[in-house]
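Notes for the one structure printed next.
The values are calculated or read from the model by the stated rules, or taken from the named source; none is laboratory data. Keep in mind that this is a model prediction, so the values were computed, not measured. Note: ideal-geometry Cβ built from the backbone for every residue, glycine included; neighbour counts use all protein chains shown.
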Amino acid sequence: MTATLKLDFQPVTQANWQDMELLFETKGGPKHCWCMVWRRSSEEATNQDGAFRKSLMKDRVVGGVPVGILAYTDAHPIAWCSVGPRDTHRPGMARVSKSDATENVWSLACFYVQRKFRNLGVMRQLMAAAGRYARDQGATILEAYPVEKDSPSYRFGGFVEVFDAAGFSRTGDAGVRRKVYRLNL
């Protein structure tokens, strides 16, 4: 069993935008996608440039749109979790059910953990912190889109066994590889 790393969590805001920049732009960071794959509109998707995607993310943060949380150790950002209202993501992330009309569904779309902090329980802590953050913002359901461990793509969304262990329930599929998991908050 691996020791659990002590982490602090903060939602990304204009005040800590520089921490997100630092994390995303470090070696191995997601500086090319800026976690915009599921957020950008059709028009925005025509430009694949990393700097453009960064500007789109910053516009959302400056505009007060919840985009996710950062994990810190010793006041340094070491991990990211994309979590925000599902309606701030592009349509089609998952099939919307009729009961969703009375729910406030938030999407847990992806994770990034710096390599040297992997296998220390960071993702599980990020999931729990994302659930608390979403609930505190009025969410009633946290929805995620993990894949099986042998999936060749979409691994940034996490693996199904981690969501099973965290108490999420599988409710369907989102395409061929991604599964839809939900947690009532």
The residue that is nearest to VAL113 (Cα to Cα), considering only those in the range 128-170 that are free of Cβ contacts under 8 Å to residues at least 40 places away in the same chain and in a strand (DSSP E or B), is PHE159
Based on what the data block shows, is THR73 of a type in the set (Val, Ile, Thr) and either surrounded by fewer than 14 Cβ atoms within 10 Å (Cβ to Cβ) or at pLDDT below 95 (or both)?
no
Residue set ARG90, ARG132; condition modelled with pLDDT under 95 and within 15 Å of the chain's Cα centre (by Cα); output residue ARG90
Selection from the range 1-56 of residues among the aliphatic types (A, V, I, L, M), within 16 Å of ALA71 (Cα to Cα) and modelled with pLDDT of 90 or more yields LEU7, VAL12, ALA15, MET20, LEU22, LEU23
Those residues of the range 1-24 which are loosely packed, with under 13 Cβ neighbours inside 10 Å and free of Cβ contacts under 8 Å to residues at least 60 places away in the same chain amount to MET1, GLN14, ALA15, GLN18
Flagged pairs (Cβ under 9 angstrom, 6 or more apart or on separate chains; first in the range 26-38, closer than 19 Å to LEU108 by Cα; second charged (D, E, K, R) and modelled with pLDDT under 90) are MET36/GLU44; VAL37/ARG90; TRP38/ARG90
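Look at PHE52 and say whether it is of a type outside the set (S, T, N, Q) and either farther than 27 Å from GLU103 by Cα or out of contact with any strand residue (DSSP E or B) (no Cβ under 9 Å at 6 or more places or on another chain) (or both). Walk me through how you get there before you give the answer.
Working: of a type outside the set (S, T, N, Q): yes; either farther than 27 Å from GLU103 by Cα or out of contact with any strand residue (DSSP E or B) (no Cβ under 9 Å at 6 or more places or on another chain) (or both): yes.
Yes: the conditions hold for PHE52.
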(1) part of a loop (DSSP other than H, G, I, E, B); (2) surrounded by 13 or more Cβ atoms within 10 Å (Cβ to Cβ); (3) hydrophobic (A, V, I, L, M, F, W, C) all hold for VAL176 apart from (2)
- request: Kindly establish whether LYS116 is farther than 21 Å from TYR145 by Cβ, without any contact (Cβ under 8 Å) to a residue 40 or more places away in the chain and not in a loop (DSSP other than H, G, I, E, B).
  value: yes
